[in-house]
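Novice: Quick one: the structure is below, questions incoming.
Read-outs: derived from the displayed coordinates by stated rules, not from any lab. Just so it is clear, the model here is predicted, and its values are computed rather than measured. Neighbour counts are summed over all protein chains in view; Cβ atoms, including those assigned to glycine, are modelled from backbone coordinates with ideal geometry.
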Amino acid sequence: MTSVLGVHGIGNFGYLRRGGSVQGAAELLSAEWGAQLAGVPSADDFDVTVAFYAHCLHRGTSQGEAGDPSALEPGAQQLLVDWVDLLRPGMTNPQGPRTARARQAAEWLTRTFGRSSRVFAIAFCREVHTYLASPGSPRREAARRVVADAIAEHRPDVIVAHSLGSVVAYEALWAHPEHDVELLVTIGSPLAMAGVVAPRLIPATDIGGRPPRVRRWRNAADVGDIIAIPRSGLRDRFAGVEDDTEVVIGSWDFHTAGAYLRTKEVVNLIRSVSG
């Protein structure tokens, strides 16, 4: 049986409320990821555990903040503006006040992708900014430590890291290279996002590399995933990425972990651990 360690993305703090504890949250997520993978034909031999780190980055969300860019910290507002400018260069007025440009960016997302994309964008920018804002922040180190401890405990054959989880896993694997990992699979990853994520990674390099003691690294992204930018994938930015697999997970479900895990392409990537 293949041992799989999942590293989740944004928007998972609710599992802590449902599970009653960090361990309970991890168990709920592990069961969901396992069920998603098991739904793919011939994918019933994965032993899945998810490292839960959402509590490390949670800072509270007041009622009414979900779709309001003005509720974001200035750094998170700038992240929203820079991200949308990657999706549509020149969309925002570079001379305007930051909050106004953030609102403009959020409105473009709403017009282009619907209301749900706006709510998602605010959550994404809040959590990503919380993680990346300070290189030595306790929150950043705590999230990395959760992943490193899970690797030490479970000794997985494969790490599957989704969205922001790919950033946390990448940094954890560099910061804590105590154990060999046969295969890293990143899905819906923003690691190569120029000006937003890539220049803030630790270690900081012009061209990133496969983390030490990771034997193979493969990447997959949906053709319409607005987080997996640039569309060309990770190989141009990170040495050691074998391939960028293009998948189609749905017009309205272009980024969720479950949608990725239900694809035969991602299942085949996980299976390639011994290839």
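Novice: Which of the peptides 171-178, 141-148, 197-204 is most tightly packed, and how do the rest follow, going by the mean number of other Cβ atoms within 10 Å of each residue?
Specialist: Final packing ranking: 141-148, 171-178, 197-204.
Novice: Please list the helices of the chain that count as membrane-span-like by this rule: a mean Kyte-Doolittle hydropathy of at least 0.5 together with Cα atoms stretching 18 Å or more along the helix axis, each helix being a complete DSSP H run.
Specialist: Helix filter hits for the chain: 74-87.
Novice: Now a separate question. Could you state the number of Å between the C-alpha centres of segment 206-246 and segment 1-60?
Specialist: About 22 Å separates the Cα centre of segment 1-60 from the one of segment 206-246.
Novice: Per Stokes-Einstein, at 20 °C and 1.002 mPa s, what whole-number D in µm² s⁻¹ belongs to the chain, with the Kirkwood radius over Cα pairs as the hydrodynamic radius?
Specialist: 115 µm²/s
Novice: Shape of segment 209-258 from its Cα gyration tensor (a ≥ b ≥ c, root eigenvalues): rounded if a/c is under 1.5, otherwise prolate when a/b > b/c, or oblate? Kindly include the intermediate steps, with their values, before the conclusion.
Specialist: Details: a/c = 2.77, a/b = 2.05, b/c = 1.36.
Prolate is the answer for segment 209-258, as a/c is 1.5 or above and a/b outweighs b/c.
Novice: If you take every residue apart from Arg145 with its C-beta less than 13 Å away from the C-beta of Arg145, what net charge results, scoring Lys and Arg +1 and Asp and Glu -1?
Specialist: It works out to a net charge of -2.
Novice: Next up: Please work out whether segment 172-275 counts as rounded, prolate or oblate from its C-alpha gyration tensor, where a ≥ b ≥ c are the square roots of the eigenvalues and a/c under 1.5 means rounded, while otherwise a/b larger than b/c means prolate and anything else oblate?
Specialist: Oblate, since a/c reaches 1.5 and b/c is not below a/b.
Novice: Place a +1 charge on the Cβ of each Lys and Arg in the chain and a -1 charge on the Cβ of each Asp and Glu, then give the dipole magnitude about the Cα centre in debye, rounded to the nearest 20.
Specialist: Working: 28 positive and 30 negative charges, 146 e Å.
Computed about the Cα centre, the dipole is about 700 debye.
Novice: So for the chain, averaging the separation of alpha carbon pairs under 8 Å that are six or more residues apart and normalising by length, what relative contact order in percent results? Kindly include the intermediate steps, with their values, before the conclusion.
Specialist: Working: 490 pairs, mean separation 52.8, N = 275.
Dividing the mean separation by the residue count of the chain yields 19 percent.
Novice: Also, quick follow-up: First select every other residue whose beta carbon is under 14 angstrom from the beta carbon of Cys56; then total the charges, Lys and Arg +1, Asp and Glu -1.
Specialist: Taking every Cβ under 14 Å from that of Cys56, the sum is +2.
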